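Everything below concerns the one structure shown next.
Just so it is clear, none of the values below were taken in a lab; they were calculated from the coordinates. Source: prediction; values computed, not measured. A quick note on method: Cβ atoms are made from the backbone with ideal geometry, for glycine too, and the neighbour counts reach across all protein chains shown.
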Amino acid sequence: MPRVSLSSIPSVDRLLRSEAAQPLIAERGRAIVTDAIRAVLRELRTDADGGNGLDLSEAAIVARVRERIAVESVPSLRPVFNLTGTVLHTNLGRAPLPEEAVEAMMQAALRPTNLEFDLDQGRRGDRDDHVERLLCRLTGAEAATVVNNNAAAVLLVLNTLALRKEVPVSRGELIEIGGAFRMPEIMARAGCRLREVGTTNRVHLSDYTDAIGPKTGLVMKVHTSNYAIVGFTSTVDEAPLAAACHDRNVPFVVDLGSGTLVGLAEYGLPHEPTPMESLAHGADLVTFSGDKLLGGPQAGIIVGRGNLIARLKRNPLKRSLRVDKITMAGLGAVLRLYLDPERLATRLPVLRSLTRSAEEIRAAANRLLSPVASALDTVANVRIVDCGSEIGSGALPTREIASAGLAVTPVDGTGTMLNRIAAAFRQLPVPVIGRTHEGSLVMDLRCLEDEAAFTSQLARLQV
Ligand SMILES: *Cc1c(COP(=O)(O)O)cnc(C)c1O
């Protein structure tokens, strides 16, 4: 092959002035095009050294530049199909938001808002005002405040009410939640001394009352959201523990984790404890996440007694943990959906996904079987399977919800091929994330709403 001479590669300037580049500059801007031209020319020079017969016309080089810019401008954070079977998947961004929330967030993002401005009085307001009354109405609490996530809510409560004091917690509730949320570490960072009570499997009311003394800042009960202790177990119910705390003038706090504002049993799902129940049992404060079962944006919600919430709001840490106007707008819109529980299951995506019946999902699997099978052609067999979805994010860790999906099994039966198939699905324009199980890639279809978008990209699958 003849060597391509380096001198036949056009200069950056010539390319920028070329007719072919003008529409691209108009579309993307001169700086981005200039950078991409430089990068493409560097590539060509190394190729030219190798001497492959490259098309070095201005038009061909600009076409490469256009392609490069297209690849580089794909944002790192983008939508995926969550076919893992875990509805609230923390690594996949937890709850998808309802339209109503997205609209409210867009309005708050586009324009100035009265975030901390009291329109009646014409003076400074409190950002919590936009959701506090709704939260009180929905939970029966006296007061409420919102921070960045539930980990922040727990931190703020501990630091405000138990700084340099002891916090008795049952040994069986000293949980670690995915990533780095370990209750004992949060306690230490909040400036509290953890006082473990009971044993891993059993704790009694007397274990708590023995531990409560002048040094106690608060008593905390943590919803053991991501595991269950079974067998010879005993826990203390909220109501007697609350009463014991109140007798001793110590606040009783419940960290619920996933908090939903409706009884899930009404929707045919297993019951999950609610903030209303904890408050009714006598909890002084309850903390829960905005983006778990509640189905809203990432936030940490604290509801409970007015005097304690007022103390939380006065803690300087509150300022570091507060939420922005966009979250406030989205959370407000989600809470308003809860005022109309009859339509909640169609309007709130988390509940919509959770309440889809196995038959409905199986029907979707029937529709998708042949498009997926033909996309994988000779590489894999595809069949419809029953599977069990999980709520995820800690709710009901031991309960699965009957679902259905497609199982993709490599014809050659190898793990290597299975990995290649899973990678090919992840490399689609909207990556498809399933889970591998016993030699197959299983795609649980519970969370697939846009089937057309899913099938339309199958033609691009490259195993
Ligand atoms: C999830 C969870 C948290 C942490 O909440 P984030 O919103 O993820 O910060 C804390 N406590 C419990 C019991 C949880 O389940």
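List of remarks:
- Two-site label geometry, Arg314 and Val80: point separation in nm, points 7 Å out along Cα→Cβ: 4.6
- Vicinal HN-Hα couplings computed from phi for the range 123-133 (Karplus, 6.51 cos²θ - 1.76 cosθ + 1.60; Hz; Gly/Pro x): 9, 4, x, 10, 4, 5, 3, 6, 10, 4, 5
- Charge dipole (the chain, unit charges on Cβ, about Cα centre) - positive-most of Ala95, Ser73, Pro297: Ser73
- Of the residues Glu390, Glu360, the one with the fewest other Cβ atoms within 10 Å heads the list, and the complete ranking is Glu360, Glu390.
- Axis of helix 358-376 versus longest Cα principal axis of the chain: the two differ by about 20°, to the nearest ten degrees.
- Across the range 419-436, rounded Karplus estimates of 3J(HN,Hα) from the backbone phi angles (6.51 cos²θ - 1.76 cosθ + 1.60, θ = phi - 60°) give 4, 5, 5, 4, 5, 4, 5, 6, 8, 5, x, 10, x, 9, 10, x, 9, 8 Hz, Gly and Pro being marked x.
- ³J(HN,Hα), Karplus 6.51/-1.76/1.60, whole Hz, each residue of the range 292-299, x for Gly, Pro: 9, 4, 4, x, x, x, 4, 6
- Taking the square roots of 5 times each eigenvalue of the Cα gyration tensor of the range 6-73, largest first, gives ellipsoid semi-axes of 20, 12, 10 Å.
- FRET efficiency, 1/(1 + (r/R0)^6) with R0 45 Å, evaluated for Gln427 and Ala188 via beta carbons: 0.60
- Amide H contacts of His89 (H built 1.01 Å from N, in plane; Pro and chain starts excluded): Arg94 sit under 5 Å, all sequence-distant by 5 or more or on other chains.
- Summed side-chain charge close to Lys221 - residues other than Lys221 whose Cβ falls under 11 Å, Lys, Arg +1, Asp, Glu -1: -4
- Histogram of C-alpha separations across the range 160-288, 5 Å bin width, %: 2, 11, 20, 23, 23, 14, 6, 2, 1, 0
- Sequence-distant residues sharing a close amide H with Thr436 (under 5 Å, placed H): Val442
- Neighbour-count order for Ile302, Ile61, Ile212, fewest beta carbons within 10 angstrom listed first: Ile212, Ile61, Ile302
- This ranking places Tyr267, Tyr208, Tyr338 by how few other beta-carbon atoms lie within 10 Å of each, fewest first, which gives Tyr267, Tyr338, Tyr208.
- The shape of the range 337-432 can be summarised by an equivalent ellipsoid whose semi-axes, obtained from the alpha carbon gyration tensor, come to 31, 15, 14 Å from longest to shortest.
- Counting Lys and Arg as +1 and Asp and Glu as -1 over every other residue whose Cβ lies under 12 Å from the Cβ of Ile186, the net charge comes to -1.
- Only helical runs count toward this figure. For the chain, summing -39,500 (n - 2.57) over DSSP H runs of n ≥ 4 and dividing by all residues gives -12000 deg cm²/dmol at 222 nm.
- Student exercise, the range 304-424 dipole from Lys, Arg, Asp, Glu Cβ charges, in Debye to nearest 20: 1240
- Principal semi-axes in Å for the range 90-139 [√(5λ), Cα gyration tensor, largest first]: 25, 16, 10
- 5 Å-binned pair-distance histogram of the range 53-125 (Cα, whole percent): 3, 10, 10, 10, 11, 10, 10, 10, 9, 8, 4, 2, 1, 1, 0
- Considering only alpha-carbon pairs that sit under 8 angstrom and 6 or more positions apart, the relative contact order computed for the range 225-357 is 20 percent.
- Dipole moment magnitude, nearest 20 debye, the range 6-73 about Cα centre, only Lys, Arg, Asp, Glu C-beta charged: 180
- Against the main long axis of the alpha-carbon atoms of the chain, helix 58-72 sits at an angle near 10°.
- 10 Å-binned pair-distance histogram of the range 130-198 (Cα, whole percent): 19, 41, 30, 9, 0
- Antiparallel bridge percentage (DSSP; both residues within the chain; nearest 5): 65
- Reachable lysines, given that their alpha-carbon falls under 26 Å from the alpha-carbon of Lys165 and they are not under 8 places away in the same chain: Lys215, Lys221, Lys313, Lys318
- Rg/Rg_ref, the range 99-347, where Rg_ref = 2.2 N^0.38 Å and atoms are Cα: 1.02
- Rg/Rh for the chain, where both radii come from Cα atoms and Rh is the Kirkwood radius: 1.08
- Charged neighbours of Glu238, selected by a Cβ distance under 10 Å, balance to -1 (K, R count +1; D, E count -1).
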